[in-house]
C-alpha cells in the first residue's frame, strides 16, 4: 500500500540528524557533465537499503554516510537552523523573458551549475524562449536545478509554476547535498513545517550558513563522500 504524501517528511533533529519518515526512497543522484565540466543531466541510482524510517547524517562526519552514526552527539555538532521560513515567493526575483517569467531565489542556491554552460545561460535562454529550441533548453536548465532556486511560469498563466513531475524520493549527491524531490515536507526541530516545495536541497556537510538547506559550502570546505551504496 502506498504511503500517503502527508506522511512523507524529513524532520530536523536538534543538532542531530534528519529523521526521514514515510518509507521514502533513497538513491544516489550524480551530476553528469560534459568533457568541459558542464552539468547537463542527472544519473540516478543505485538505491540505498532503507526501512520505513531512517536517519541521515547532517554533520558530515558520520562513518556510515549517508546514514547517521550519532557522531554528531560526541562532537557537539551545532545544527542551528537559520533559513528563512517564509514562502519562496517572497524571496524570488522575476526575470521577464519571451513568453516566460523566470524566478530566481539566490538564497537557496547550491551551485550545482545547471544554469550556465560555455555557450549560454538560463537568463539568456529566457529571452530566447519564443524559439522552440531555445525554450526546450531553457526548460531543461530550470528543471534540473536541484534546489528549486530557478523556477518559471508562462505569460499565459503567470501565477502557476511549471514544475517537473518528480517521484517523492531523496537523492544523495556525491560530495554534495541531499536532493528532496516530489513535495516532501521538511519539519523544523521545533515542529514548524517549512514550505513544501517540489525541489529542495538539504545540507549534509554540516557547514551551510543557511541550515537546514544547502548553500553550496560543501565545495569550499572540501566535503567528500562518493555516496555509493554498500
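The values are calculated or read from the model by the stated rules, or taken from the named source; none is laboratory data. Keep in mind it's a predicted model, so treat the numbers as computed, not measured. Cβ atoms come from the backbone with ideal geometry, glycine included; neighbour counts cover every protein chain shown.
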Exercise for review: Give the residues of segment 85-103 that are within 19 Å of the chain's Cα centre (by Cα) and buried (at least 19 other Cβ atoms within 10 Å of the Cβ), sorted by residue number.
Suggested key: 88, 92, 102, 103
Check your understanding: Only one of (1) loosely packed, with under 11 Cβ neighbours inside 10 Å; (2) in a loop (DSSP other than H, G, I, E, B) is not met by residue 60, so which one is it?
Key -> (1)
Revision key, fill the gap. Going through segment 17-37 in order, the residues found to be in contact with a strand residue (DSSP E or B) (Cβ under 8 Å, 6 or more places away or on another chain), surrounded by 13 or more Cβ atoms within 10 Å (Cβ to Cβ) and not in a strand (DSSP E or B) are 17, 22, 24
Study note, to complete from the structure: If we take segment 114-230, then helices (runs of 4 or more DSSP H) inside it with 1 or more residues that are in the same structural domain as residue 22 (by TED's automatic domain parsing) and surrounded by fewer than 21 Cβ atoms within 10 Å (Cβ to Cβ) are 217-221
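Can you pull out the residues in segment 70-81 that are surrounded by 11 or more Cβ atoms within 10 Å (Cβ to Cβ) and part of a loop (DSSP other than H, G, I, E, B)? Show your work before the answer.
We begin by selecting, within segment 70-81, every residue surrounded by 11 or more Cβ atoms within 10 Å (Cβ to Cβ); these are 70-73, 75, 77, 79, 81.
Scanning segment 70-81 gives 70, 77, 79, 81.
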**Study point:** Members of segment 93-113 found to be part of a strand (DSSP E or B) and touching a residue at least 40 places away in the same chain (Cβ under 8 Å), listed by number
**Key:** 100, 101, 102, 103, 104
Check your understanding: When both residues are 6+ apart or on different chains and their Cβ atoms are under 6 Å apart, which pairs have a first residue that lies in segment 73-92 and is touching a residue at least 12 places away in the same chain (Cβ under 8 Å), and a second that is in a helix (DSSP H, G or I)?
Key -> 91/107
Practice item. Take the residues in segment 29-39 that are within 18 Å of the chain's Cα centre (by Cα) and touching a residue at least 24 places away in the same chain (Cβ under 8 Å), then tell me which one is nearest to residue 117 (Cα to Cα). Key: 39
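For segment 60-82, indicate whether the set of residues that are closer than 29 Å to residue 152 by Cα and modelled with pLDDT of 95 or more is non-empty.
At the first step, the residues of segment 60-82 found to be closer than 29 Å to residue 152 by Cα are 81-82.
Going one step further and asking which of them are modelled with pLDDT of 95 or more, we end up with 81-82.
Yes, because at least one residue in segment 60-82 is closer than 29 Å to residue 152 by Cα and modelled with pLDDT of 95 or more.
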